[in-house]
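Enquirer: Dropping a structure here in structure tokens format, bear with me for questions.
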Amino acid sequence: MALGKYSRVDGRKSSSYCSTVTIVVFVALCFVGVWMMTSSSVVPEQNSDLSSQGKKNDVSTQVIGSKESNNNPDDESNPTDEGKTKQFEDNPGDLPEDATKGDVLVSQEENHSNPQETESTSEVKQEEKSTEQKEDTGDSKSETQSKRGTDNSDDKKEDGQYKVDDKDSEAGEKNENKSVGEEIEEGADEKKSVENSAELNDKKDQEGSDEKADGQKKDQSSSEVFTSGAQSDLLNETTTQNGAFVTQASESKNEKEMQKSTGSDKESSYTWKLCNSTAGPDYIPCLDNLEAIRNLRSTKHYEHRERHCPDNPPTCLVQLPVGYQRSVEWPTSREKIWYHNVPHTKLAEVKGHQNWVKVSGEYLTFPGGGTQFKHGALHYIDFIQQSVPEIAWGKQTRVILDVGCGVASFGGYLFERDVIAMSFAPKDEHEAQVQFALERGIPAISAVMGTKRLPFPSRVFDVVHCARCRVPWHIEGGKLLLELNRVLRPGGLFVWSATPVYQKLPEDVEIWEAMKKLTNAMCWELISKTKDRVNGVGVAVYRKPTSNECYEQRSKDAPPLCQGSDDPNAAWNVPLQACMHKAPVDTSERGSQWPESWPARLSKSPYWLLSSEVGVYGKPAPEDFTADYEHWKHVVKNSYLTGMGINWSTVRNVMDMRAIYGGFAAALRDLNVWVMNIVSIDAPDTLPIIYERGLFGIYHDWCESFSTYPRSYDLLHADHLFSKIKTKCGLPAIVAEVDRILRPEGKLIVRDKVETITELEIVVGPKRIECLFPGDKNSKVQQIVEKQVLTVAKAVEEKLDEEICALDDLEVLRERKLKKMNRWISLGHREYSDISSDKEFFSLVKASDRVVCHFYRHNWPCKVMDKHLSILAKQHIETRFVKMHAEKSPYLAEKLRIVVLPTLALVKNASVEDYVVGFDELGCRDEFSTEELEERLAKAEVIIF
């Protein structure tokens, strides 16, 4: 039997046939594989569509985000592109979260059930573990990690999808819960839903590549959560607001600053040391700087008596003199003081015969005399009045400058004539003459007429007095007398009592002729030259011109007129110039008119304060002046005099360390005190206003020591001084200076921010300063001197009701106050409420005597104002606090001229008395304190403060 060509005898097919079949089967398997790969890449695309539909049902803003990201499907380099990420997501759409978790578990089980995928799964595990470790090392490695993932991406794929193990599933569940919390914090605007929150990790490129295929790493069970595109955009915004919450940055910054400022104070507070100075108990840092004095090129013009402050202000304490006792009270102190408080006898030895000072047992006594008034200062004062009746002590003349004052008996007895004298003398061989004056309770400073201008404004003193003051007025073109001309008012008087006026010795005659020539050239008029027969001295009185007519008619321009660019008010470390400033001619310019007679000038706004000028507190200048005065009268009367436990009979020398208009000093007028008003050199220059109202003061930089002896003042008043100065030179330096000039048992009244007072208490110790001073030379015993420090926490004095204080019956008092409080509560006081209509506004301002209405809109500054007003509403039940949306009340906003938001309308007795516009009056910042706003409202008297 013949067999076919392709047949075998044994019945088997030929090898060619087998090969063919094998190839066919192989090709079929390849098609199956291709089909499987194709199907695995199609399914996620379908799910992406479902995801979009699900998102439409969830949050509309999420749809917008998806559309925006899908506009650039080919831009695979954008890590915040949600569209391309969602292409590889398995989103359950509207399925509940539990169902989603179940699907993830099933998917994982299916993956593990396939033995062919074991190797691929192991590789993914290792890669993800490596990625997690690298993530812990910080973002700096993310770029390298991403590249590494891209290079290995082909090795990680099998059958077109990635495998995830159970461990990753658990992490996914945890991260899903975490993302819900993040969604609550970030808000709905982050464009994500709870169901797909685990898929917001498009920063997965840190472990994979940035190519589109690498997005397939995010399976249905992908669990690592990173910032999505929408989140990334939100984090990059620069116009975020903090709401009512404090940022962590600010909290941390404040805490670090507090720790830095306090250091180890928590354990031991601030450590004080004694000053090591050759001046000992009389140390004045800026006048006893021996190193600077030794390096002076010349002392011809008394440079060694001028201020030479150390580069770093001292932070040490000045010791007490041995045997120091509490100062004698005024007015007895004018006649005698304790010897051991100022243990210097040289003046008694040299000037005792002129009745300056004498030693009498344990006292130093002052007969009231001087070189030119041996028989008493009062007789001398009245003699001047008789010689020049227009001087009118205490009416026409109120503030004088006494040059070379000695022990200041002249100024001490001028108080009898209602006149205050700024007395000064150098710290020289006369040994503590200014210290004698201060211990007696008479105002004085240590200063010299040398090479620099005196620290006073121009045209402020009514009279300048010199009684044998030993100043060579006539030399060097009259430079020193021209400085007196600067500070003397136009029409003011120069009273000169010296030997050239009445003696005929050749030297005296020469000086008189030189002075005569100089004063004529300065256009000073000699209005009186008389001799006192009792004291045997003569007095010459000159008047400064009130116009420029004489200057223009002079034949010689000597001394010359100052350049127009020369500011006569510039007085801090300004060199002297031998020139004269022109007299003011404009009737509205300061110095063109004489001030009101005393005491009217104290309370009346100066004529040269114009309503067109803005005052320190933001009101028109005259209103600002009046509001400040009323505020301090209220504070002094209702708090300082009655509510702080100060025995004012022991207070004589007072300093206002940060005076504005002198309102604090003016409020103390009826007490037997005098106030040195300090205007800081970096504060608004209001010192001329203080002089205009019949008070006095001086410019000063509180980063330097004041030109006074230790233990000079009974009371120091610091209104928001420490918060302004602490960043400039530090609290320890200013506290050391306070300790130096304050007497033992003296009082320091601090009104400042809470945080500043807290820092201050750490430096000085709560409630008191405890200083250690050595006693006897041969004794190891140390005296402890306590200086009480009165701290007015939160700048809030005790609120006292004037009407209630006037009642004697306590039961009636309580009943009346209770009724008043119940009425306030019934009207809505104590709550900060929102009103919606003009009618409601008019009704409540008629019902309540005091109303603060906040006109607002929904923005950050208004929220800041809301926070503070909510606090004040509960603290000040006497006032109704409300707010009104300005845009919903256009009629009222227009009627009240509300332009800037926020604006507070301050209403008293149904009339809008004042406004607080924005934050301009609150430091021009949104971090102002509630106390600052409280003080502003108190100045408008819309709250009881």
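Enquirer: Identify, please: which residue in region 915-941 is open to solvent by less than 20 Å² (accessible area, probe 1.4 Å) and more than 17 Å from Asp866 (Cα to Cα) and is, among those, farthest from the chain's Cα centre (by Cα)?
Expert: Result: Ala940.
Enquirer: Follow-up question, since we're still on this one. Going through region 431-460 one residue at a time, which ones are of a type outside the set (S, T, N, Q), open to solvent by 30 Å² or more (accessible area, probe 1.4 Å) and more than 32 Å from the chain's Cα centre (by Cα)?
Expert: Listed by number, the list holds a single entry, Glu431.
Enquirer: Limited to region 505-534, what total is found for residues that are under 21 Å from Phe383 (Cβ atoms) and among the basic types (Lys, Arg)?
Expert: The number of residues fulfilling the criteria is 3.
Enquirer: Report yes if some residue within region 415-425 is closer than 14 Å to Val464 by Cα and among the aromatic types (Phe, Trp, Tyr); otherwise report no.
Expert: Yes: one or more hits.
Enquirer: State whether one or more residues within region 845-863 are touching a helix residue (DSSP H, G or I) at 6+ places or on another chain (Cβ under 9 Å), small (Gly, Ala, Ser), under 21 Å from Met821 (Cβ atoms) and in a loop (DSSP other than H, G, I, E, B).
Expert: yes
Enquirer: Ok, one more. Within region 887-913, track down each residue that is in contact (Cβ under 8 Å) with a residue 40 or more places away in the chain and open to solvent by less than 20 Å² (accessible area, probe 1.4 Å).
Expert: Matches in region 887-913: Ser889, Leu892, Pro902, Thr903, Leu904, Ala905, Leu906, Val907.
Enquirer: Of the residues Arg468, Arg489, Arg554, which is among the basic types (Lys, Arg), in contact (Cβ under 8 Å) with a residue 24 or more places away in the chain, open to solvent by 10 Å² or more (accessible area, probe 1.4 Å) and within 27 Å of Trp594 (Cβ to Cβ)?
Expert: One residue alone meets the criteria, Arg554.
Enquirer: What number of residues within region 631-658 satisfy the criterion of being more than 27 Å from Arg334 (Cα to Cα), of a type outside the set (Lys, Arg) and either modelled with pLDDT of 95 or more or surrounded by 16 or more Cβ atoms within 10 Å (Cβ to Cβ) (or both)?
Expert: 6
Enquirer: Inspect region 288-295 for any residue being open to solvent by 50 Å² or more (accessible area, probe 1.4 Å), at pLDDT below 50 and in a helix (DSSP H, G or I) and give the result as yes or no.
Expert: No, region 288-295 contains no residue that is open to solvent by 50 Å² or more (accessible area, probe 1.4 Å), at pLDDT below 50 and in a helix (DSSP H, G or I).
Enquirer: Check off (1) over 46 Å from the mean Cα position of the chain (by Cα); (2) of a type outside the set (Val, Ile, Thr); (3) open to solvent by 10 Å² or more (accessible area, probe 1.4 Å); (4) closer than 30 Å to His304 by Cβ for Asp382 and give me the number that stays unchecked.
Expert: (4)
Enquirer: Could you check, for region 921-931, whether at least one of its residues is of a type in the set (S, T, N, Q), free of Cβ contacts under 8 Å to residues at least 60 places away in the same chain and out of contact with any Pro (no Cβ under 7 Å at 6 or more places or on another chain)?
Expert: There is no residue in region 921-931 that is of a type in the set (S, T, N, Q), free of Cβ contacts under 8 Å to residues at least 60 places away in the same chain and out of contact with any Pro (no Cβ under 7 Å at 6 or more places or on another chain).
Enquirer: Separate question: Just one of Trp393, Trp330, Trp356 is farther than 22 Å from Asp428 by Cβ and open to solvent by less than 40 Å² (accessible area, probe 1.4 Å); which is it?
Expert: Trp393
Residues are listed down the side, and each one gets a yes or a no for (1) more than 30 Å from Asp462 (Cα to Cα); (2) assigned to a helix (DSSP H, G or I); (3) open to solvent by less than 10 Å² (accessible area, probe 1.4 Å); (4) among the acidic types (Asp, Glu):
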{"site": "Gly694", "(1), (2), (3), (4)": "no, no, yes, no"}
{"site": "Glu704", "(1), (2), (3), (4)": "no, no, no, yes"}
{"site": "Thr708", "(1), (2), (3), (4)": "no, no, yes, no"}
{"site": "Leu716", "(1), (2), (3), (4)": "no, no, yes, no"}
{"site": "Lys728", "(1), (2), (3), (4)": "yes, yes, no, no"}
{"site": "Val738", "(1), (2), (3), (4)": "yes, yes, yes, no"}
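The values are calculated or read from the model by the stated rules, or taken from the named source; none is laboratory data. From a predicted model like this one, the values you see are computed outputs, not experimental measurements. Positions of Cβ are backbone-derived with ideal geometry, glycine not excepted, and every protein chain shown enters the neighbour counts. Areas reflect the complete protein model, heavy atoms only, side chains present, ligands, DNA and RNA absent. Shrake-Rupley method; radii C 1.70, N 1.55, O 1.52, S 1.80 Å.
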